[in-house]
Structures are given as structure tokens and as C-alpha cells.
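Written below as C-alpha cells is the structure these notes are about.
Quick note: the coordinates plus some simple rules give every number you see, no bench work behind them. These numbers were taken from a predicted model, which means no experiment stands behind them. We place every Cβ from the backbone using ideal geometry, glycine too, and count neighbours over all the protein chains shown.
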Amino acid sequence: MSKYTTIVCENGTVAVDDTLLVKGVCATAGSRMLEGFKPLFSAEAVTRLEQAGYTVKGKTAVGEFGLDLVGEFSYEAPQEGTLHGAAAAAVAEGDVRLALGVDMNGAPRRAAALEGIDFLKPTYGTVSRYGVISCAASGEQVGVYAKDAQGVAEAMAIIAGHDDKDGTSLPEASYTYDVDRPVAGMKVAVVKNLLDAADDAAKAKTEAYVQALRAAGVTVEEITVDAFAVANTAWQILMTAETCNNVSRYDGVKFGHRAANYKNIDELYVNSRTEGFNFLTKAVILYGSDVLSKNRYKDCYDKSLRVRRVISETMAKLFETYDALVMPACSKMSYESYDIHDAFKTVFDESVFTAVPNLIGTPALVSGGVQLTAKMYAESTLLSLAHAVEKEGK
């Protein structure tokens, strides 16, 4: 297995990121706070794959609660030098056929873009979130890493569909994931302001992808969508608020790491959370607390909920004209390690490329280092576009 991956089993075809539960296997969400926790059940997506004949080969390291760029601040496997997402690296290196990941703030999409593989964040509610170590429940979604669109479609057909155990699960029993729908005649738009925000390497990836789309008969136009920056601000507010609420359960009493030294209950809480969380998680908790406070709730949290509706309407209008939007998944095609004290702003800046699908629940697919997004339930459009480009490159 990849050097970025923690092995827990011997053989199999699937890796599962450490934000998802696998029965009897440690699940830490990359945090010291959950060190040693072994769940009594598996996530629904894992169970469905196992029932279909797949076996779990290993759990892959994630950044603490999925809050960083690609997993660099995992408690078990902190990274130095060039950064890699563990699950994406495992798929890219051929250690596993596919992997499951939780997309809360774009980390799996960035990781897939850097490794040159595919990752699909599906429409919100189409894949069960049962068994996810949740932080931002309104936007996080279980997705699939694979080497190509065909592999993504194969796994999605298994894991998608209603689950009574998940209150956010949509009612449809199953969904269709096609890779061979005709793409000639489709119309897509490149988001120019996001392309301009990327470096030369990321621009080159996107421009090459656009040329491949045109060669497949797709009409490509350039547009500017100012809503992406606003959507990013709104999602970061909602994400930090929900994360602050969700990780409050880890207090050293009911759940999570317990400090060895304390004199009273207040010190138990403070010392346990101080030792258990890294700096980025603490920053997210503080920011989330602030936007939920009495003096800030209406101007920050409540307004972000209203912005979510406006962004949803804006994107729905765009998708009346275009079958998909094309944009970079990240500002650069390689990240180097950096100081965790800079992480909050670093992740915020990068999330402008990924925030919209998390905010409004639309699907997003990374393929060939480039990101495509479309209207709700349009995964087959995204997969077919990617498959056409992948065939062109073979």
C-alpha cells in the first residue's frame, strides 16, 4: 500500500478514508481526540460495497475532521514536503481499485486533481451518510475515488440509494450512473474568474481538458460567475458553525480523548480539548462559535442560509443554458507542506474552487486534474463528459 496509507487488513479492493466507519477498525477522523475508537458497525456505503463482493483493504489517513487541504494535518500521519491525499494516492498507485471519501470542504476533490484520478462528490442525499464521523452535515457527502469514470460509476451504482438510517437520505431506491451518453452537442462553460485565479499548471490542465471536450463535439464557452466567492464565504460560515456544534460532543467525558491531569470538570473539558484538537480545528471551533453567537447570528449564520438559496437559484439558472461548468479543482497542481497556523486562511482561499457543490448539494466530478459540476442528479452528464475525454486520451 501507499506510504500515505495506514494498513488495517491484508487483501481487498477498496480503501476507506478514516472519516467513515468500518466495524471493529479504528476510526479517528485524523484526530487525537478519537484515538483508539473502534466502531460497532460499518458505514452504509461500506456495507453495500461488501455485500456486492468488495473487501476493505485498508483505512486511509485524513486531515483532522477533513478540515485541511488534502489530509496534511492528520494526527497519525502528518506530512512534510509535497502533499498527497492518502486515499487518492492509494488509487493512483494501484493499491486499490477504488476508495470511499467524505467531501466536506473539497479535500477529496483537490487530492484527486493532484493525483490525476477521478473523484465524484454526488448529489446531496443520494448516498447514505450513516456511519460518517460528521462535522458539517448539511454539505458533507460520501463520494468515490477511482482511476476513471467507469470505476466511479460502478461503485456509485452500488452505494447510492435510500437508507432509512439516514435522515438526510433522499427517497429514491436507486440512481443511474451512465458513462456513455452522447456528449456531442452538449454545451459547457469554463468559469473564467476561477481559471484566472489558478496558476499556470492548473490553467494548462483546464485548457487541455477544454480542447479534449471540443474534440469530442462539446461546445465550450467562457463565462464569469461572481457567485463563487460569495458562496465560499457562506459555506465557510455554515461549515464552521456546524463543525463547532458537532465536535462539542468530544469533551473527554462522553466521547473522545481524556486528559490525564485535571482538578475539576472545567479543567477536564479544557485540557482534553486542548490536547485532543489541532490548531486548525480549534480555529474552526472559535470561528463557528463566533458566527453562532447572539450578536453575530443574524448577520453571519442566518444570512449565509439566505445566500445558500440565492446561490442555488443562480446556479439553476446557469444550468438551464449549460450542461456543465468546467473549472480548476484547486489553484495549483502541487502543494508543499506549510505551517498549521496558516491553515485556516489557506483552506479558505482554496475552497473558492470547491465550495458551491458543498453549499447547495450539486454533484461535482474531478477528472484529469479538472473539476466539472452540473445540476442536481446530473452525475451521468459529468461521467459521460469525463469518459469521452478519457477515451480521447487513450
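Worth a mention:
- Residue among T206, T219, T274, T224 that alone is buried (at least 17 other Cβ atoms within 10 Å of the Cβ) and either more than 23 Å from the chain's Cα centre (by Cα) or not charged (D, E, K, R) (or both): T206
- Pairs are defined by a Cβ separation below 9 Å, a sequence spacing of at least 6 or placement on different chains, a first member in the range 281-308 that is without any contact (Cβ under 8 Å) to a residue 40 or more places away in the chain and closer than 15 Å to T233 by Cα, and a second member that is among the aromatic types (F, W, Y) and crowded, with 17+ Cβ neighbours inside 10 Å; no pair meets this definition.
- Failed item in (1) surrounded by 23 or more Cβ atoms within 10 Å (Cβ to Cβ); (2) among the small types (G, A, S); (3) farther than 18 Å from F228 by Cβ, with A355 passing the rest: (3)
- Residue within the range 106-128 that is part of a loop (DSSP other than H, G, I, E, B), hydrophobic (A, V, I, L, M, F, W, C), farther than 20 Å from T362 by Cα and in contact with a Gly (Cβ under 8 Å, 6 or more places away or on another chain) present: no
- Residues in the range 196-223 that are part of a loop (DSSP other than H, G, I, E, B) and farther than 30 Å from V284 by Cα: A216, G217, V218.
- Per this entry, D164 is counted among residues that are on the phi < 0 side of the Ramachandran plot and without any contact (Cβ under 8 Å) to a residue 24 or more places away in the chain.
- Of all residues making up the range 246-269, the number that are in a helix (DSSP H, G or I) and loosely packed, with under 15 Cβ neighbours inside 10 Å: 5
- Residue in the range 31-58 that is farthest from H257 (Cα to Cα), counting only those that are surrounded by fewer than 16 Cβ atoms within 10 Å (Cβ to Cβ) and among the polar types (S, T, N, Q): Q51
- Taken over the range 327-346, the criterion of being touching a residue at least 12 places away in the same chain (Cβ under 8 Å), of a type outside the set (F, W, Y) and surrounded by fewer than 24 Cβ atoms within 10 Å (Cβ to Cβ) is satisfied by S331, K332, M333, S334, E336, S337, I340, H341, A343, T346.
- Unique match (being more than 17 Å from the chain's Cα centre (by Cα), charged (D, E, K, R), closer than 28 Å to D68 by Cβ and assigned to a helix (DSSP H, G or I)) among R308, R296: R308
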